[in-house]
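To start, the structure under review is shown below, and the notes come after it.
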Amino acid sequence: EVQLQESGPGLVKPSQSLSLTCSVTGYSITSNYWGWIRKFPGNKMEWMGYISYSGSTSYNPSLKSRISITRDTSKNQFFLQLNSVTTEDTATYYCARSRNRYNPHYFDYWGQGVMVTVSS
Amino acid sequence: DIQMTQSPPSLSASLGDKVTITCQASQNINKYIAWYQQKPGKAPRLLIRYTSTLESGTPSRFSGSGSGRDYSFSISNVESEDIASYYCLQYDNLYTFGAGTKLELK
């Protein structure tokens, strides 16, 4: 069974970088697309970006200057880095798998999410 | 980028009611819309993909329809386990979520 698990600090100071890891079991990240999505306290959900089976990336234009998604195929993990965070980046962060192997599609498997608070 | 206007923001229903949620895209999304259910503290659960295809395990009381810019999602015979928030997601061009609809019991 495909399982995803997010991990990382729950508290980040303003202006610093937020770094999260998504550990995947039961499926190789060298197939499909793998995304990061966040849910804000007001319940708005935002797609942040994805990394593909080949390692190519695509980002939400609203975040493009601050975001980086990378991977370690040997550990079957992918990572989110968001720079210069503000309190507006406080959210629950999810990693998820896109169903289709060769094109970005809807997300079918999700992690449980990790709450990240940006505060001094 | 594509905007998704989801309504209503909240719904109050009695057990056994039929409820409908709509999502309107800012442009044609070619039926590339999915619907998710989310309960507090849980990950979103995929219910419907490509407008109307039920994901494995989704009860038949859930349904979806639409084309072009306009899409709807319905629950017939609302059950207590359906109390949750629901989101649409367009995946025709990158991804955009709707604002969500919170379903509550009347």
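The values are calculated or read from the model by the stated rules, or taken from the named source; none is laboratory data. What you see is a predicted model, and the numbers here were worked out from it, not measured in a lab. We place every Cβ from the backbone using ideal geometry, glycine too, and count neighbours over all the protein chains shown.
For segment B:81-101, filtered to residues that are surrounded by fewer than 17 Cβ atoms within 10 Å (Cβ to Cβ) and without any contact (Cβ under 8 Å) to a residue 60 or more places away in the chain, the residue that is farthest from the other protein chains (Cβ to nearest Cβ) is B:Glu81. The set of residues in segment B:48-80 that are without any contact (Cβ under 8 Å) to a residue 24 or more places away in the chain, within 12 Å of another protein chain (Cβ to nearest Cβ) and part of a strand (DSSP E or B) comprises B:Arg49, B:Thr53.
Here are some residues: B:Thr58, B:Thr51. Which one is farther than 26 Å from A:Tyr59 by Cβ, surrounded by 14 or more Cβ atoms within 10 Å (Cβ to Cβ), at pLDDT 95 or above and in contact with a Ser or Thr (Cβ under 9 Å, 6 or more places away or on another chain)? Write out each step before concluding.
On the way: B:Thr58 fails: in contact with a Ser or Thr (Cβ under 9 Å, 6 or more places away or on another chain).
Residue meeting the stated conditions: B:Thr51.
Here is a yes/no grid of residues against (1) in contact with a Ser or Thr (Cβ under 7 Å, 6 or more places away or on another chain); (2) more than 9 Å from chain A (Cβ to nearest Cβ):
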| residue | (1), (2) |
| --- | --- |
| B:Gln3 | yes, yes |
| B:Lys18 | yes, yes |
| B:Gln24 | yes, yes |
| B:Gln38 | yes, no |
| B:Ala43 | no, no |
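Checked against (1) in contact with a Gly (Cβ under 7 Å, 6 or more places away or on another chain); (2) over 12 Å from B:Tyr95 (Cβ atoms); (3) among the hydroxyl-bearing types (Ser, Thr, Tyr), A:Tyr50 meets all criteria but (2). Which residue is farthest from the other protein chains (Cβ to nearest Cβ), if the candidates are limited to segment A:87-120 and must be part of a loop (DSSP other than H, G, I, E, B) and of a type in the set (Phe, Trp, Tyr)? By that ranking, first place goes to A:Tyr102. Looking only at residues of segment A:41-81 that are within 12 Å of chain B (Cβ to nearest Cβ) and assigned to a loop (DSSP other than H, G, I, E, B), we find that the one that is nearest to B:Ala99 (Cα to Cα) is A:Lys44. If only residues of segment A:23-35 that are touching a residue at least 60 places away in the same chain (Cβ under 8 Å) and on the phi < 0 side of the Ramachandran plot are counted, the one that is surrounded by the most Cβ atoms within 10 Å (Cβ to Cβ) is A:Trp34.
Of a type in the set (Gly, Ala, Ser) and surrounded by 13 or more Cβ atoms within 10 Å (Cβ to Cβ): which single residue out of B:Ser63, B:Ser14, B:Ser10 fits that description?
B:Ser63
Of all the residues in segment B:1-46, those that are in contact (Cβ under 8 Å) with a residue 24 or more places away in the chain and closer than 24 Å to A:Gly49 by Cα number 24.
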